[in-house]
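Everything below concerns the one structure shown next.
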Amino acid sequence: MNSKLLKNKKKIPFPYLSAHFEFMKPIPGFAPYLKKIYCLNYVSALGRGLLRGGIPGISIGAALLAKGIAADYFLSEQMLYFERIKNW
(Lines give C-alpha, C1' and ligand atoms only; values in the text may rest on other atoms or scores of the structure.)
Protein backbone atom coordinates (compact mmCIF):
# COMPACT_ATOMS: atom_id res chain seq x y z
CA MET A 1 0.00 0.00 0.00
CA ASN A 2 1.09 3.54 -0.65
CA SER A 3 3.04 5.06 2.26
CA LYS A 4 0.93 8.26 2.12
CA LEU A 5 -2.21 6.20 2.69
CA LEU A 6 -0.65 4.37 5.60
CA LYS A 7 0.20 7.70 7.26
CA ASN A 8 -3.40 8.89 6.77
CA LYS A 9 -5.23 5.84 8.12
CA LYS A 10 -8.33 7.83 8.98
CA LYS A 11 -8.86 8.47 5.24
CA ILE A 12 -8.91 4.78 4.28
CA PRO A 13 -12.07 3.27 5.89
CA PHE A 14 -14.71 4.37 3.37
CA PRO A 15 -14.76 5.59 -0.22
CA TYR A 16 -14.85 9.31 -0.82
CA LEU A 17 -17.56 10.10 -3.33
CA SER A 18 -18.29 13.41 -5.00
CA ALA A 19 -21.77 14.85 -5.39
CA HIS A 20 -22.25 12.72 -8.52
CA PHE A 21 -21.00 9.46 -6.99
CA GLU A 22 -17.60 9.30 -8.64
CA PHE A 23 -14.71 8.20 -6.49
CA MET A 24 -12.47 11.00 -5.27
CA LYS A 25 -8.77 10.82 -4.52
CA PRO A 26 -8.12 10.46 -0.78
CA ILE A 27 -4.78 12.20 -1.30
CA PRO A 28 -4.26 14.86 -4.01
CA GLY A 29 -2.39 13.38 -6.97
CA PHE A 30 -3.06 9.78 -5.95
CA ALA A 31 -4.98 7.55 -8.40
CA PRO A 32 -6.36 10.11 -10.89
CA TYR A 33 -8.26 7.33 -12.69
CA LEU A 34 -10.74 7.12 -9.80
CA LYS A 35 -12.70 10.10 -11.19
CA LYS A 36 -13.95 7.89 -14.04
CA ILE A 37 -15.47 5.28 -11.72
CA TYR A 38 -18.96 5.82 -10.30
CA CYS A 39 -20.53 4.05 -7.33
CA LEU A 40 -24.30 4.09 -6.71
CA ASN A 41 -24.97 1.26 -4.28
CA TYR A 42 -24.87 0.67 -0.53
CA VAL A 43 -21.19 1.57 -0.44
CA SER A 44 -22.20 5.09 -1.47
CA ALA A 45 -24.27 5.37 1.73
CA LEU A 46 -21.03 5.70 3.70
CA GLY A 47 -20.04 8.86 1.89
CA ARG A 48 -23.35 10.26 0.62
CA GLY A 49 -25.98 9.06 3.11
CA LEU A 50 -28.70 6.42 3.07
CA LEU A 51 -31.15 8.39 0.95
CA ARG A 52 -29.05 7.97 -2.19
CA GLY A 53 -28.50 4.20 -2.03
CA GLY A 54 -31.79 2.98 -0.53
CA ILE A 55 -34.82 1.87 -2.50
CA PRO A 56 -36.96 4.96 -1.66
CA GLY A 57 -34.23 7.37 -2.75
CA ILE A 58 -32.83 5.49 -5.73
CA SER A 59 -34.52 7.85 -8.21
CA ILE A 60 -32.80 10.81 -6.54
CA GLY A 61 -29.46 9.03 -6.67
CA ALA A 62 -29.98 7.92 -10.28
CA ALA A 63 -30.82 11.48 -11.37
CA LEU A 64 -27.69 12.84 -9.66
CA LEU A 65 -25.57 10.10 -11.22
CA ALA A 66 -26.95 10.79 -14.71
CA LYS A 67 -26.37 14.54 -14.33
CA GLY A 68 -22.83 13.90 -13.14
CA ILE A 69 -21.96 11.58 -16.02
CA ALA A 70 -23.43 14.03 -18.56
CA ALA A 71 -21.55 16.96 -17.00
CA ASP A 72 -18.26 15.05 -16.89
CA TYR A 73 -18.65 14.01 -20.52
CA PHE A 74 -19.47 17.56 -21.60
CA LEU A 75 -16.56 19.06 -19.65
CA SER A 76 -14.10 16.51 -21.03
CA GLU A 77 -15.03 17.62 -24.58
CA GLN A 78 -15.70 21.30 -23.91
CA MET A 79 -12.93 22.65 -26.13
CA LEU A 80 -14.18 20.57 -29.06
CA TYR A 81 -17.70 21.94 -28.56
CA PHE A 82 -16.39 25.48 -28.25
CA GLU A 83 -14.44 25.17 -31.52
CA ARG A 84 -17.49 23.76 -33.31
CA ILE A 85 -19.63 26.68 -32.09
CA LYS A 86 -16.98 29.21 -33.18
CA ASN A 87 -16.72 27.64 -36.64
CA TRP A 88 -20.46 27.36 -37.20
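The values are calculated or read from the model by the stated rules, or taken from the named source; none is laboratory data. If you're wondering where the values come from, they're calculated on a predicted model, not measured in any experiment. All Cβ positions, glycine included, derive from the backbone under ideal geometry; neighbour counts span all protein chains shown.
For the range 1-23, what are the residues that are in a loop (DSSP other than H, G, I, E, B) and at pLDDT 75 or above? Listed by number, the residues that qualify are TYR16, SER18, ALA19, HIS20, PHE21.
Kindly establish whether ILE60 is part of a helix (DSSP H, G or I) and at pLDDT 90 or above. In short, no.
Looking at PRO26, is it surrounded by 14 or more Cβ atoms within 10 Å (Cβ to Cβ), out of contact with any strand residue (DSSP E or B) (no Cβ under 6 Å at 6 or more places or on another chain), modelled with pLDDT under 80 and in a loop (DSSP other than H, G, I, E, B)? For PRO26, the condition - surrounded by 14 or more Cβ atoms within 10 Å (Cβ to Cβ), out of contact with any strand residue (DSSP E or B) (no Cβ under 6 Å at 6 or more places or on another chain), modelled with pLDDT under 80 and in a loop (DSSP other than H, G, I, E, B) - is met.
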